Structure formats: structure tokens, C-alpha cells
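Data first, discussion second: the structure below is written as C-alpha cells.
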Amino acid sequence: MTDFEITPQLIADHGITDEEYARILELTGREPTYTELGIWSAMWNEHCSYKSSKKWLKTLPTTGKRVVHGPGENAGVVDIDDGETIIFKMESHNHPSYIEPYQGATTGVGGILRDVFTMGARPIAVMNALRFGDPDHPKTRHVASGVVAGVGGYGNSFGVPTVGGEVEFHPSYNGNCLVNAFAAGLADIDKIFLSEAKGVGMPIVYLGAKTGRDGVGGATMASAEFDDSIEEKRPTVQVGDPFTEKRLLEATLELMKTGAVNAIQDMGAAGLTCSAVEMGAKGNLGVHLDLDLVPVREDNMTAYEMMLSESQERMLMVLNPAKQAEAEAVFKKWELDFAVVGHTTDTLRFEVFHKGEKVADLPIKDLGDEAPEYDRPWLETPASIRIKPADIPVLQNPVEALAELMGSPNQCSRRWVYEQYDTLIQGNTKQGPGGDAGVIRVLDETGRRKHLPTQKGLAFSVDVTPRYCKADPFEGGKQAVAECWRNISATGALPLAATDNLNFGNPERPEIMGQFVGCIKGIGAACKALEFPIVSGNVSLYNETNGEAILPTPAIGGVGLLTDVSLAMTIPFKNRNDVVLLVGGHGNEMGQSVYLQHFFDREEGSPPPVDLAKEKSNGDYIRSIILNRQINACHDISQGGLGLALADMCVSSGKGCVVDLGDEDAHIALFAEDQARYIVTCHPDQVQSVTDMATTAGVNVIPLGTVAGDTLKVTGVGTISVAQLKNAHEEWFPSYMAG
Amino acid sequence: MKARITITLKAGVLDPQGKAIEGALDALDFSGINKVRQGKIIDIDIDAAGETEATSALTEMCEKLLANTVIENYAIDIRD
Amino acid sequence: MKARITITLKAGVLDPQGKAIEGALDALDFSGINKVRQGKIIDIDIDAAGETEATSALTEMCEKLLANTVIENYAIDIRD
Amino acid sequence: MATALEMVSGVKPVMVWHQETEIPDVDLIAIPGGFSYGDYLRAGAIAARSPVMSSLRDKAAAGVNILGVCNGFQILTEAGLLPGALMRNAGLHFICREVHLRVENTNSYFTRSWAKNAVIRCPIAHHDGNYFTDPDTLKKLEDQDRVAFRYVNENGNVNDTSNPNGSRNNIAGILNDRGNILGMMPHPENLIESLHGGTDGLGLFKSMLENVA
Ligand SMILES: Nc1ncnc2c1ncn2[C@@H]1O[C@H](COP(=O)(O)OP(=O)(O)O)[C@@H](O)[C@H]1O
Ligand SMILES: [Mg+2]
């Protein structure tokens, strides 16, 4: 093939700066070939190299007594006792989902599932955190419906239950939707597979689907090297194939049992390049690849295209040669490609051959290790001003206002979304979407019940409040972690560890970089205080259109452990006459509240600060009263405050309640978004012991009233029927989507 | 006026459905099959003053709704 | 040899997809649309001695797999 | 499904690979849910032509009991072992939710443990569950008491709002003429223990066990 001249334009099209290119020249020792330029650009782009974020990511707490593998592997690995681990990660597919919502979302889900089963884990739960533009923006409905269908289309067909997620609308996402997918899988602690290659001369094997031109960088198109048929060569959107992924899962897990796997790595962004370089570099080995052996599905693919293709459902493995026949038979059985495409060497070079020509010969360690790391200038976000409760406008009837809020785009039921997801497949769902956290029973690897006296469960939640992060990145970062931790605690599970998906605008703008730095510091502080280390994650930058950045959106996905899944607590009120208690006291933080935003169109003030010590003691208290079987319903208080939390408990149970706010100002007590709070209910006989325990633990518990009737009644303030709340809650989403 | 819109995947876009059909035909012992691609048709009965008007309305429909032009091509065929 | 198989729903079989498209076009303010039906096409590249052989092989494929004759009709069109 | 069968019967079911050509001698063959072949072309279409199907046909003809749930139901109709077809849901979306069913036929191998017209809860999770058949077949199904389950509201009434997917006559499950094959879209195996929040699905397994015992 004829190589292209490396022009400044071509370099710029690859997103490589002048300084970076100077360094590339030095490391290559000559001018790179076109294919090499592609390889450098893939390894050094933001997505693979984390060049803007690395410095700050290093500050996050990533270790703990249950952490088996933290960041750096395909996914984080956390010990859940009995020789078992939970392996999980979250990843974004924002940009592709805006271009082609259905396929962008499917391939996002597919990619994260692969990250998890590459390590030897069988996926047991997925979640998705979605953010769309203003409901009135002309693209929003189309993007939302395509994304939701795509998330479901892949997960349902693959056969993994969706147990939770988030959906939010805000104008800052008009030109940049967010699609963050989370996946978790189970593996025995002694059967975890890593990407570090071991030994010289080991065969490198290509597994899975064939390679096409999917997602080959925009740079190829811009460099206009098209000859005969532009249509043929055009970079294309990646299309997900869940059926192939399902076979890839089964084949991979079966393969791992044969002892054939020396190292394994899924092909994600910049597929073959990243996976081959990573396996070699980690093992201090060189890699020799022969592209003529790569299974392709299109004619005349160039080396450049093969190295950069992002075709889905593919893996790369270093093989234990003694097991080749056995390994190959497994892949044949599942009707997948299995091709030896190279081997490891002792040269520490990344050598790629195509049609008898050497198309790349690069220092393999430098591709990763020497990637630029920037200390980008950042501007601290100006401090936001706390709004005093006295300055908050009063609503005539704050109780009736609850119906309006329950029916608003961001607070209404997400049923329209999650009913499109299979939440029950695998038969282990204790609680699907709609609770504080999803809860899954843990079965052993054979899919049969462990004959233990109790069955374990895992709880999953994903959270962030971007408005808070914008107003105060540090407190917002803390809050995202705290809310996730709280949601897990509200089911009775012990939060173990978390993954993050940091979605921000352009890091080259100091104010955006300042948001990033502030959020990371907040996340770090909270993770440390709550003993909730970050074990994996993903950074998505440059989420902006026409200079308009998205709200800073660091989504936190967390996992918690329940030693007895039958104790998992739920939101709905259970029995009439149960006593309703407020844990954590009345609040008065109204800055950035849903109340101000929705009723007065004001996104203002400082967000509620997070007192991490209080968060911890209140959460620990909640967990103990759940595990002691002292309470029978629990819901955390987050956006919308006490009022919305009570309304949720009414709507989910169909039962009303009568509560008394004492001397509090009703609109403040109902809508303040102070953190570290929960509502619980218990039998009247349990009130004494619940409050005694609170006193001992130093937790503020206030009896509010009782479960009663068919209305939500706030004594002396107002009443609204549960039916009205329910109708409002269920109405908005389906009618909006129907157009 | 009756029209048929034919929507096909662009060349190079992965077609898992076509692939699966190919595999199934193969398993059923049909031989000599080189390539299968799946697409869809939409038959629309539309009131229009003439062919030109119909075509222009249908083109707009394809662009706005019926085809996903990121990955699909469409063709319009006025039938009577 | 290239062939296109067109699969359409039998008359009398309800077509939820067609109905939905009709509704969506309506919501986009397209007027004069009387009826929408959706179907699919399968493009097959097949080795065959001649048109007759191709048609007979394709007919068998339709009967055995490609169409569900409880609800669908099919038509075979040899293109070159 | 395998876990459910094992839990209820205490016997571990034998798994059969789709490429195999012989199904062993058993009391019951269950074709579970899940997507087969990604449900490309039509739901269940490709699986219905896999090698194992000819043995399944023989077993069906020999009177062995066959249960198809969700994708299993789709496969059985595609294979012609049950009449009709399962089309895309009327609302076009995948639907995962709990519905109510009325048990219509209570003298089959699969349904005999229930009381006539019992109303039960049961989850559904499918994209193509919209049961269609021509008017003659529909009449025959009704006349011969071969509708096993119907979608109803919680009071047991058949109406449009209790029909989640557009199925003719709110049909959720049907029997073949001989009564040894049941196909149903809902998932009773996902409501058989306290973890699932109910045990209404056990009736199916109890019915089948009565016969094994
Ligand atoms: N995209 C989604 N996928 C699945 N479940 C979702 C999704 N969005 C929201 N949910 C579920 O809807 C419920 C309400 O969501 P949210 O208000 O964000 O919960 P919380 O305030 O407890 O974090 C939760 O149970 C959540 O898991
Ligand atoms: Mg919550």
C-alpha cells in the first residue's frame, strides 16, 4: 500500500499537538509511517492515555481490605467472602450515542460487559446512567428513545438483568447526551484473568467477531485518501451484535477453564492496538503481529484500518501453546473466529506486518508509559453563596405542590425506561429498578444454590447530582459518593467499593479543569471517610458543543454486600399504624434544591454540604436497625427532600401517612435537601428500641407520624391523595415519549 | 398514490441479522450462498398531486423519520 | 447471482410497526397518509446455474426459514 | 428455568445442546426463555430450525410433554408445533413487568393444580409476545379449551388495558390439540420463591410434579 505523507495537517487531524509530535519523532527515532502515526494517536489520545486526568486520578483512594484489583485492570475486583469476588466497572459511550442513539447505546453496554467477562466473571447485573437535554429540545425525544431501546436491546438479548440507573434531563446536555453503562460479574477469587502477558514466543490469538472498518477514526476520513469507492471506505458507526457477545461470553469462560489463557484483553477503543500493546507492555515483552492473519469482514482493509478498527465483540489472548487444540475447539463450537495472529517477543518492540511489509516498529513500553501527562491549569470554582431559609419563597400549599413535583420530568417515575429492560432474567433479582438500590442474590458459578444457611446478596446503585457539582465541585463530588453509599445502605447492604464515570467538558479550559479537580477531591474525601474505595472507572472529557459544556457529571456506581439477602429492605410502607421516623433530623439547606429549580426556575446557591462523619454514623445505624429486623421500610432522602421521599413511599405502597413537622417551616422541612438522612417505618412496639439505639449511636431520630389512610397528610399544612400523587408520578414519561 | 420505500444498511455497516440468516441457511444445508443482508420496506399510501410532490414528501419523511441516514440508505419507488 | 426477497405481512394481519410509523408521521405533521405497512427485504448473493435454479432454491429458503407463512407473504426477485 | 425445575422437583434437568440430534427419554422437555440467535429474522425462527428440533418433533408426536416459555413459546410456534405466531408487541417496546393471568384451562398436565379461573400474578419480559392467529384457528382454540392463560386485570377481567402486548383475545398461553404441549409468554419460573416476592408461578410446577410422582 502507498503510505501517506505525514503532513502537519495529518498530524493535527490525529489530535496530536506539535510538542507531542516532537516527542513521537524522538521515541520512534525517525518519521513514523502512516500506520504508526495512527498507533501513536490511538495510544496518546485522551481516552486511552488519560493525559489530562491521570495526575488527579492518582489521588483517589483505591485500596482497602476487600480490594483484590483496583484501577489498571479491565475492571475492579472486590472480595465478597467465600472465595468469591464481584468484578465491576462503568464506562461512557456519550458521543456515539448522540450520533446514533440506538447503536451508540448498544455498543456501550456491550463494551462494559466485555470488560467484566474478560476477567473471568459472569455478568449478573447492569445499570445505566443517562442524561438528556431539555425535554423541549427537538432532539431530546429521539435521543432518549433510541438510547433506552439500545440499552435494553443489548442487555435483554445478552441475558443480564438491569437493576438500576438514572435518567435526567437538563439543557446542558442538549448537544451532548450522557450514556454511562455499568456492569458487574461474579468470579471465584482464584480464577481471575489479567492482561499481563507472560513468556516469550507465546502465541497471540484473536477471538470473536471479524474486523471491519467500524469506528475507524475520523482522521482517516479527513485525510481524504479515498480512491475508487468512498462509500466502501467511509468510517462507519459501530453496530452491536448481542448474540455474538453472548457466544463470546460462553466461549471465553469455557476457554478459561481449559488452562489455555496466559493473558487476555478485550478490544475496546482502538481495538487491536490498545489490547496488543497493553498485554505486551505489562509483561515487559515485545509483540509481533501479522495482520494478514486477522479475520476481516471487508475487502482491502489497510493496516491502519485494522489497527484502529473498533469492531465489537472481539478479544485478544496470549495462549498457553500446549492447549491450542482444546482452545480452538471451544471457539469452533461457539462458531467464533479463533486465529493466531502473532506472538510475544523479547525485543520490547511493537512490530506489525502486513502483506510482507513491516508497517510498524515501535518501542512498546513508550507507547503507554511515555504518553503525555498534563498538569492542566485549573481555576477553582468561585464559592457559591448559601441561601438562608428565610430568603426562600413560600409556596401556598407545599403538600399539593408535591403532586406537581412528582409529575415533573426529573422526579417522575422512570418506569417507562426500566420496563424496557429485562430486570428479572437469571432469576436472582430481589429488587429491580425502582428501589434505592438494586439487589441481586449471589449464586455460585454452576448457577445452583449454595447450600449455605443464608444466601448472600449484592446491592447496586449509581448516583450523582450535577447541579450540586456545578455550584460546588468539592461538595458535589462528596455528595455523589455519599448518595450512592446511602442508597446501598438503605437496603441494608454494606457498601464495599465504587467505580466512577467522570463526565466533563473541555479540560483545556481552566474553569472546566477546576470542576474536574474539585469533584475528584470531593470524591476522594468521601470515599476515604466512608471506606468506599474506587476500584475502576472511566473519564469522558470534551463533552461540549459550541463552547457549552455539560454540567460536571461524575457518576458514582457502587456495590454493597448483604450477608442475608432475605433481609434486604425496601421503600414501600408495609402496614397501617406503623410509625414513620425521620433519621438525621430536619433540614434547612435549600440551595440548588429541586424546590427552587422547579417552582422558581432558580438554579442557585450552595448545595447541601456533606458531613461525612454524620453520613457514616447515620448509615451505619440504618444498616444495623435493618439487619436487626427492627424496621420494615426505609428510603433515603435526596433530591426533593423529605416531602418527595414520603411521596415515594406512599406511591410505591398505595398507602397514605399522617406526619407532623412540629415547629418547622413546612416548605423548608419538606423540601430541604440536607444529606445523611433517611425515612424509616417500624411497628409501634419497636419505636422505643429504634430510638434507644439511635441515642446510643448519636443519631438524631424524630418520630414524624404514622402510616394511615389514603392521603399524604401533613398536619396543619395540607393533604394530597396518594392516587393523585401516583397518577402524576406515572403520567409524565409515557405521555412525553408518545410525543 | 402507492409508494414503496426500501431501506438498506450502508456498505461496511455490520449486519448481525444478515449474518445470522446466512449461518442458519448454511445449517439448513443450502449451499452457494455468498452474502446475506437484511433491510426493510415501508409501503405508504399517500395523497399527492403528482409523482414529484409524492417523492418530495417521501424524501422528507425518510430524512426525518423513516431512515437512519447515519447507517442506512433509502430508495423511493412510486408504484402507481 | 443477486436476488432480493421481499417479505410482507398478509392482509388481515395487524401491523403494529406500520401503525406506529403512521402515528409518528402524523405527529410530524405529514398529511395525506392513508396507510403504512412495514415489511422486510433479504438480499442474497447466491451461486446458481440459472434463474430457474436460483428461484427454486430461494423458494425453498423462504418456505423453510425466511418467511413465516402463517403471517407473511414473500416475493422473489432475481436482480442479475 | 433449569434452576426452577431443580428447585421444585429435586431432580437436576439434563441440558441439551441445540446441535445435538437426540433428546434423551424424559418426562418433560422444557424450552426456556432468553433470546435465541439474538432473535434475528423473527423471534425463535432460527432456533426452530436447529438440528435438535427433529428429535423434538418425534417426542411431541410420541406424546412427551413439552413446555415452552417466552422464547420457548416463540420457537414452538415457529416450528409449527403450536398454531399462530408471536409478533412484535403492539406498543413496539420490550416490556418487563408483572401482569395478572387467568388460568383458563385447568385439566392439562401443566395447569391441573390450579382452580378454574384462578387469577395469578406473573412477570412478563418480551419484545415479541403479541399472539396472532387467523379467526378459524382462534375459534378452534377457544372452543377446544386450549387457551391456557389469558392476560386480565387484578379482578380477573379481560380488557384492553390488561393486554400488555396486543395479543388476540388476550391470549398469554396455549395448548396443542393433544394437550401435551404448552406455550406461554409469561415467566412463571420467576415467581416461585420469596426472593421473587411471590410464589404464584409454582402452580405450573406443581401441576407437572403431580404427574411425575
Ligand atoms: N436508566 C435507568 N435504568 C434503570 N433504572 C433506572 C434508570 N433510571 C432510574 N432508574 C431507577 O428508578 C428509580 C428512581 O431513580 P432515582 O430517582 O435516580 O433514584 P435515587 O434518588 O434513589 O438515586 C431508581 O430505583 C433507579 O434505579
Ligand atoms: Mg435513593
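Structure above, values below:
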| item | result |
| --- | --- |
| Matching residues, segment A:154-186, being surrounded by fewer than 24 Cβ atoms within 10 Å (Cβ to Cβ) and closer than 20 Å to A:Phe117 by Cα | A:Gly159, A:Leu186 |
| Among the residues listed as A:Ile99, A:Ile87, the single one being more than 16 Å from ligand 1 (Cβ to nearest atom), among the β-branched types (Val, Ile, Thr) and surrounded by fewer than 24 Cβ atoms within 10 Å (Cβ to Cβ) | A:Ile99 |
| From the options B:Asp45, B:Asp29, B:Asp80, residue that is acidic (Asp, Glu) and under 19 Å from C:Ala24 (Cα atoms) | B:Asp45 |
| Residues of segment B:42-56 that turn out to be out of contact with any Gly (no Cβ under 8 Å at 6 or more places or on another chain) and within 7 Å of chain C (Cβ to nearest Cβ), as a count | 2 |
| Hits in segment A:423-441 - residues which are within 12 Å of ligand 1 (Cβ to nearest atom), hydrophobic (A, V, I, L, M, F, W, C) and in contact with a Lys or Arg (Cβ under 9 Å, 6 or more places away or on another chain) | A:Val439 |
| Members of segment A:614-625 that are of a type outside the set (D, E, K, R), surrounded by fewer than 23 Cβ atoms within 10 Å (Cβ to Cβ) and touching a Leu at 6+ places or on another chain (Cβ under 8 Å) | none |
| Whichever residue in segment A:632-670 is more than 16 Å from ligand 2 (Cβ to nearest atom), of a type in the set (A, V, I, L, M, F, W, C) and outside any helix (DSSP H, G or I) and, among such residues, is nearest to the other protein chains (Cβ to nearest Cβ) | A:Cys657 |
| Matching residues in segment A:304-351 - criterion: being closer than 22 Å to A:Glu245 by Cβ, in a helix (DSSP H, G or I) and among the aliphatic types (A, V, I, L, M) | A:Met306, A:Leu308, A:Ala327, A:Ala329, A:Val330 |
| Total residues in segment A:692-725, condition part of a helix (DSSP H, G or I) and either over 22 Å from A:Asn487 (Cα atoms) or without any contact (Cβ under 8 Å) to a residue 40 or more places away in the chain (or both) | 7 |
| Residue match in segment D:159-170 (condition: within 14 Å of chain A (Cβ to nearest Cβ), more than 16 Å from D:Phe73 (Cβ to Cβ) and either assigned to a strand (DSSP E or B) or out of contact with any Gly (no Cβ under 9 Å at 6 or more places or on another chain) (or both)) | yes |
| A:Val464 vs. criteria crowded, with 24+ Cβ neighbours inside 10 Å, within 12 Å of ligand 1 (Cβ to nearest atom) and either under 21 Å from A:Asp564 (Cα atoms) or modelled with pLDDT of 95 or more (or both) | yes |
| Some residue of segment A:173-191 being under 27 Å from A:Glu483 (Cα atoms), over 15 Å from the mean Cα position of the chain (by Cα) and either within 16 Å of ligand 1 (Cβ to nearest atom) or within 14 Å of chain D (Cβ to nearest Cβ) (or both) | yes |
| Filtered residue count, segment A:510-569, keeping only those that are among the basic types (Lys, Arg) and closer than 26 Å to A:Pro96 by Cα | 0 |
| Candidate set from segment A:131-168 (those that are in contact with a helix residue (DSSP H, G or I) (Cβ under 6 Å, 6 or more places away or on another chain) and without any contact (Cβ under 8 Å) to a residue 60 or more places away in the chain); member that is nearest to ligand 1 (Cβ to nearest atom) | A:Val147 |
| In segment A:462-489, residue nearest to the other protein chains (Cβ to nearest Cβ) [restricted to those that are under 15 Å from the mean Cα position of the chain (by Cα) and within 12 Å of ligand 2 (Cβ to nearest atom)] | A:Val462 |
| So D:Asp39, is it of a type in the set (D, E, K, R), under 26 Å from D:Leu202 (Cβ atoms) and modelled with pLDDT under 95 | no |
| All strands (runs of 3 or more DSSP E) inside segment D:14-118 with 3 or more residues being within 14 Å of another protein chain (Cβ to nearest Cβ) | D:85-87, D:95-103 |
| Residues satisfying the stated conditions in segment A:398-416, i.e. more than 16 Å from ligand 2 (Cβ to nearest atom) and out of contact with any Ser or Thr (no Cβ under 7 Å at 6 or more places or on another chain) | A:Pro398, A:Glu400, A:Ala401, A:Leu402, A:Ala403, A:Glu404, A:Gly407, A:Ser408, A:Pro409, A:Trp416 |
| Meets criteria (within 13 Å of chain A (Cβ to nearest Cβ), outside any loop (DSSP other than H, G, I, E, B) and crowded, with 24+ Cβ neighbours inside 10 Å) for D:Ala4 | yes |
| C:Arg79 vs. criteria exposed (fewer than 14 other Cβ atoms within 10 Å of the Cβ) and charged (D, E, K, R) | yes |
| Strands (runs of 3 or more DSSP E) enclosed by segment A:66-129 - at least 3 residues per element that are hydroxyl-bearing (Ser, Thr, Tyr) | none |
| All positions within segment A:420-439 that are within 16 Å of ligand 2 (Cβ to nearest atom), of a type outside the set (Gly, Ala, Ser) and either in contact with an Asp or Glu (Cβ under 8 Å, 6 or more places away or on another chain) or assigned to a loop (DSSP other than H, G, I, E, B) (or both) | A:Asp436 |
| Contacts under 8 angstrom Cβ, first residue in segment A:285-303 being in a strand (DSSP E or B), partner of a type in the set (A, V, I, L, M) and surrounded by fewer than 18 Cβ atoms within 10 Å (Cβ to Cβ), 6 or more apart | A:Gly286/A:Leu348 |
| Every residue from segment A:624-651 that is in contact with an Asp or Glu (Cβ under 8 Å, 6 or more places away or on another chain) and charged (D, E, K, R) | A:Asp636 |
| Qualifying positions in segment B:12-41 - within 14 Å of the chain's Cα centre (by Cα) and either among the small types (Gly, Ala, Ser) or more than 7 Å from every other protein chain (Cβ to nearest Cβ) (or both) | B:Asp15, B:Gly18, B:Gly39 |
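Okay, residues lined up against (1) touching a Leu at 6+ places or on another chain (Cβ under 9 Å); (2) within 14 Å of chain A (Cβ to nearest Cβ); (3) part of a loop (DSSP other than H, G, I, E, B):
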| position | (1), (2), (3) |
| --- | --- |
| D:Pro123 | yes, yes, no |
| D:Thr137 | no, no, no |
| D:Leu141 | yes, no, no |
| D:Asn157 | no, no, yes |
| D:Ile174 | yes, no, no |
| D:Asp177 | no, no, yes |
| D:Leu182 | yes, no, no |
| D:Pro186 | yes, yes, yes |
| D:Phe205 | yes, yes, no |
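The values are calculated or read from the model by the stated rules, or taken from the named source; none is laboratory data. Quantities reported herein were computed from a predicted structural model and do not represent experimental measurements. When we count neighbours, we look across all protein chains shown, and the Cβ atoms used for this are built from the backbone with ideal geometry, even at glycine.
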